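What follows is a set of notes on a single structure, which appears directly below.
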Amino acid sequence: MPQKNVEFGKYGARGIKGSDAVARRLDVLVGFIATPVTAKRGLLARLNYLTRSTRTLQIARQLGLTVTDRTLNAWLNGMQRPTKANLNRIETVYRRVRRHHVARHLLVRLNSGGGTRVEIHPLNQSQVARPHQRVVSYRKMNVRRWDAIVTAWANNDPRALDDAWTTGVLPDLGSQWGQYEYVANIGFAA
(Lines give C-alpha, C1' and ligand atoms only; values in the text may rest on other atoms or scores of the structure.)
Protein backbone atom coordinates (compact mmCIF):
# COMPACT_ATOMS: atom_id res chain seq x y z
CA MET A 1 0.00 0.00 0.00
CA PRO A 2 1.37 3.44 -0.79
CA GLN A 3 2.20 5.59 2.21
CA LYS A 4 1.60 2.76 4.71
CA ASN A 5 2.53 4.33 8.04
CA VAL A 6 5.19 2.09 9.52
CA GLU A 7 6.38 4.43 12.26
CA PHE A 8 3.30 6.48 13.04
CA GLY A 9 3.93 9.09 15.73
CA LYS A 10 7.70 9.18 15.23
CA TYR A 11 7.66 12.98 14.88
CA GLY A 12 4.87 13.63 17.39
CA ALA A 13 1.69 13.18 15.35
CA ARG A 14 -1.29 11.95 17.35
CA GLY A 15 -4.29 9.97 16.20
CA ILE A 16 -5.80 6.53 15.91
CA LYS A 17 -6.15 4.07 13.05
CA GLY A 18 -9.09 4.93 10.86
CA SER A 19 -10.51 1.42 11.24
CA ASP A 20 -10.47 1.81 15.04
CA ALA A 21 -12.34 5.10 14.70
CA VAL A 22 -14.93 3.39 12.48
CA ALA A 23 -15.33 0.58 15.04
CA ARG A 24 -15.83 3.13 17.83
CA ARG A 25 -18.46 4.95 15.80
CA LEU A 26 -20.30 1.70 15.00
CA ASP A 27 -20.26 0.86 18.72
CA VAL A 28 -21.86 4.24 19.44
CA LEU A 29 -24.55 3.57 16.84
CA VAL A 30 -25.35 0.19 18.39
CA GLY A 31 -26.28 1.65 21.76
CA PHE A 32 -24.87 -0.72 24.35
CA ILE A 33 -26.21 -0.76 27.92
CA ALA A 34 -24.74 2.30 29.64
CA THR A 35 -24.76 1.02 33.23
CA PRO A 36 -21.46 -0.79 33.96
CA VAL A 37 -21.48 -4.56 34.36
CA THR A 38 -20.09 -4.14 37.89
CA ALA A 39 -23.36 -2.53 39.02
CA LYS A 40 -26.22 -4.88 39.88
CA ARG A 41 -28.54 -3.16 37.41
CA GLY A 42 -25.99 -3.40 34.58
CA LEU A 43 -25.27 -7.05 35.30
CA LEU A 44 -28.96 -7.98 35.34
CA ALA A 45 -29.63 -6.03 32.15
CA ARG A 46 -26.86 -7.91 30.33
CA LEU A 47 -27.90 -11.30 31.72
CA ASN A 48 -31.53 -10.68 30.78
CA TYR A 49 -30.43 -9.69 27.27
CA LEU A 50 -28.32 -12.84 26.92
CA THR A 51 -31.05 -15.17 28.24
CA ARG A 52 -34.16 -13.60 26.69
CA SER A 53 -34.55 -16.43 24.17
CA THR A 54 -33.07 -19.86 23.65
CA ARG A 55 -31.55 -18.71 20.35
CA THR A 56 -29.81 -15.73 22.01
CA LEU A 57 -28.54 -17.94 24.83
CA GLN A 58 -27.25 -20.43 22.25
CA ILE A 59 -25.36 -17.66 20.43
CA ALA A 60 -23.98 -16.41 23.77
CA ARG A 61 -22.72 -19.90 24.59
CA GLN A 62 -21.05 -20.15 21.18
CA LEU A 63 -19.36 -16.79 21.76
CA GLY A 64 -17.91 -17.67 25.15
CA LEU A 65 -20.55 -17.79 27.92
CA THR A 66 -19.46 -21.13 29.37
CA VAL A 67 -21.17 -21.22 32.78
CA THR A 68 -23.80 -23.81 33.66
CA ASP A 69 -27.53 -23.06 33.66
CA ARG A 70 -27.52 -23.40 37.44
CA THR A 71 -24.86 -20.70 37.84
CA LEU A 72 -26.64 -18.47 35.34
CA ASN A 73 -29.91 -18.79 37.27
CA ALA A 74 -28.11 -18.04 40.54
CA TRP A 75 -26.75 -14.83 39.01
CA LEU A 76 -30.16 -13.85 37.64
CA ASN A 77 -31.86 -14.47 41.01
CA GLY A 78 -29.20 -12.58 42.94
CA MET A 79 -28.15 -15.68 44.91
CA GLN A 80 -24.59 -15.52 43.65
CA ARG A 81 -22.28 -12.79 42.35
CA PRO A 82 -19.98 -13.43 39.34
CA THR A 83 -16.24 -13.19 39.82
CA LYS A 84 -14.31 -10.35 38.21
CA ALA A 85 -13.20 -12.67 35.40
CA ASN A 86 -16.80 -13.73 34.79
CA LEU A 87 -17.96 -10.11 34.80
CA ASN A 88 -15.42 -9.36 32.07
CA ARG A 89 -16.55 -12.44 30.15
CA ILE A 90 -20.23 -11.40 30.47
CA GLU A 91 -19.38 -7.92 29.14
CA THR A 92 -17.40 -9.33 26.21
CA VAL A 93 -20.07 -11.85 25.28
CA TYR A 94 -22.84 -9.26 25.63
CA ARG A 95 -21.06 -6.87 23.25
CA ARG A 96 -20.42 -9.63 20.71
CA VAL A 97 -24.04 -10.86 20.84
CA ARG A 98 -25.36 -7.30 20.56
CA ARG A 99 -23.13 -6.67 17.55
CA HIS A 100 -24.33 -9.95 16.02
CA HIS A 101 -27.99 -8.95 16.47
CA VAL A 102 -27.62 -5.39 15.19
CA ALA A 103 -25.20 -5.95 12.30
CA ARG A 104 -27.79 -6.85 9.66
CA HIS A 105 -30.05 -3.90 10.52
CA LEU A 106 -27.09 -1.52 10.69
CA LEU A 107 -25.81 -2.74 7.32
CA VAL A 108 -29.17 -2.01 5.68
CA ARG A 109 -29.20 1.51 7.13
CA LEU A 110 -25.60 2.26 6.11
CA ASN A 111 -26.03 0.97 2.54
CA SER A 112 -29.45 2.56 1.92
CA GLY A 113 -29.74 5.51 -0.41
CA GLY A 114 -26.43 4.80 -2.14
CA GLY A 115 -24.30 4.72 0.99
CA THR A 116 -23.49 6.88 4.00
CA ARG A 117 -21.68 10.20 4.15
CA VAL A 118 -18.47 9.94 6.21
CA GLU A 119 -16.44 12.81 7.64
CA ILE A 120 -12.73 12.16 8.18
CA HIS A 121 -10.95 14.49 10.59
CA PRO A 122 -7.19 14.42 9.99
CA LEU A 123 -4.59 13.49 12.57
CA ASN A 124 -3.34 16.01 15.11
CA GLN A 125 0.02 17.45 14.03
CA SER A 126 0.30 20.21 16.65
CA GLN A 127 3.36 18.54 18.22
CA VAL A 128 5.12 17.91 14.89
CA ALA A 129 7.95 20.25 13.83
CA ARG A 130 7.08 22.35 10.76
CA PRO A 131 9.47 20.61 8.32
CA HIS A 132 7.85 17.25 9.09
CA GLN A 133 4.20 18.29 8.91
CA ARG A 134 1.97 17.11 6.09
CA VAL A 135 -0.76 19.12 4.48
CA VAL A 136 -3.77 17.07 5.48
CA SER A 137 -7.27 18.48 5.46
CA TYR A 138 -10.73 17.52 6.60
CA ARG A 139 -12.42 15.23 4.04
CA LYS A 140 -15.95 14.08 3.28
CA MET A 141 -16.81 11.04 1.22
CA ASN A 142 -19.72 8.74 0.51
CA VAL A 143 -19.03 5.11 1.47
CA ARG A 144 -21.18 2.81 -0.63
CA ARG A 145 -19.81 -0.60 0.37
CA TRP A 146 -20.24 -1.31 4.08
CA ASP A 147 -20.59 -5.11 3.93
CA ALA A 148 -16.96 -6.06 4.68
CA ILE A 149 -16.61 -3.32 7.31
CA VAL A 150 -19.73 -4.27 9.27
CA THR A 151 -19.00 -8.01 8.98
CA ALA A 152 -15.46 -7.57 10.35
CA TRP A 153 -16.76 -5.30 13.13
CA ALA A 154 -19.54 -7.76 14.08
CA ASN A 155 -17.02 -10.62 14.18
CA ASN A 156 -14.65 -8.51 16.30
CA ASP A 157 -11.86 -8.96 13.75
CA PRO A 158 -9.62 -5.84 13.83
CA ARG A 159 -7.30 -7.06 11.06
CA ALA A 160 -10.18 -7.68 8.62
CA LEU A 161 -11.74 -4.35 9.59
CA ASP A 162 -8.45 -2.55 8.94
CA ASP A 163 -8.10 -4.27 5.57
CA ALA A 164 -11.70 -3.44 4.62
CA TRP A 165 -11.20 0.21 5.57
CA THR A 166 -7.71 0.83 4.16
CA THR A 167 -8.04 -1.15 0.92
CA GLY A 168 -11.79 -0.94 0.32
CA VAL A 169 -12.67 2.63 1.28
CA LEU A 170 -9.64 4.90 1.59
CA PRO A 171 -8.44 4.54 -2.04
CA ASP A 172 -11.64 6.37 -3.05
CA LEU A 173 -10.05 9.52 -1.56
CA GLY A 174 -7.58 9.68 -4.44
CA SER A 175 -3.82 9.57 -4.68
CA GLN A 176 -3.18 10.80 -1.13
CA TRP A 177 -5.41 8.26 0.60
CA GLY A 178 -2.51 6.90 2.70
CA GLN A 179 -2.46 10.18 4.65
CA TYR A 180 -5.82 9.21 6.18
CA GLU A 181 -4.79 5.84 7.59
CA TYR A 182 -4.48 7.57 11.00
CA VAL A 183 -7.05 10.17 11.95
CA ALA A 184 -8.31 12.24 14.86
CA ASN A 185 -11.91 11.13 14.33
CA ILE A 186 -14.33 9.65 11.81
CA GLY A 187 -17.97 10.62 11.93
CA PHE A 188 -21.09 9.24 10.26
CA ALA A 189 -24.70 8.52 11.11
CA ALA A 190 -27.07 5.76 10.11
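Brief remarks follow.
- Report summary: the helix-based calculation at 222 nm, which adds -39500 (n - 2.57) for every DSSP H run with n ≥ 4 and divides by the residues of the chain, gives -14500 deg cm²/dmol.
- Using the Cβ-Cβ distance between Ala190 and Arg55 with R0 = 22 Å, the FRET efficiency computed as 1/(1 + (r/R0)^6) comes to roughly 0.35.
- Exposure ranking of Ile59, Ile33 by accessible area [1.4 Å probe, largest first]: Ile33, Ile59
- Modelled FRET efficiency - R0 35 Å, Arg117 with Ala45, Cβ distances, 0.05 increments: 0.60
- Loop-located trypsin sites (Lys or Arg not before Pro) across segment 142-178 with a Cβ neighbour count of 15 or fewer within 10 Å are Arg144, Arg145, with loop assigned by DSSP.
- For the chain, the fraction of 1.4 Å probe accessible surface lying on carbon and sulfur atoms is 49 percent.
- Dividing the mean sequence gap of close Cα pairs (under 8 Å, 6+ apart) by how many residues the chain holds gives a relative contact order of 36 percent.
- Protein heavy-atom accessible surface, 1.4 Å probe, per residue over the chain: 56 Å².
- Dipole magnitude of segment 88-190, debye to nearest 20 (Cβ charges: Lys/Arg +1, Asp/Glu -1, about Cα centre): 280
- Cα-centred dipole magnitude for segment 46-133, charges only on beta-carbon of K, R (+1) and D, E (-1), debye, nearest 20: 160
- The chain - charge dipole about Cα centre, Lys and Arg +1 at Cβ, Asp and Glu -1, debye rounded to 20: 580
- Seen against the Cα atoms of the chain and their longest principal axis, helix 40-50 is set at about 90 degrees.
- Approximate spin-label separation Tyr138-Val28, in nm, with each point projected 7 Å along Cα-to-Cβ: 1.4
- Relative to one another, the C-alpha centroids of segment 21-51 and segment 136-180 are positioned 25 Å apart.
- Taking 0.36 nm per residue of separation and subtracting the current Cα-Cα distance, fully stretching the chain between Asp69 and Asn88 would add 5.0 nm.
- The heavy atoms of Ser175 offer some 110 square angstrom of accessible surface to a 1.4 angstrom probe.
The values are calculated or read from the model by the stated rules, or taken from the named source; none is laboratory data. Values in this document were obtained by computation on a predicted structure and should not be read as measured data. All Cβ positions, glycine included, derive from the backbone under ideal geometry; neighbour counts span all protein chains shown. Keep in mind that these areas ignore ligands, DNA and RNA; they rest on the heavy atoms of the full protein, side chains included. Shrake-Rupley method; radii C 1.70, N 1.55, O 1.52, S 1.80 Å.
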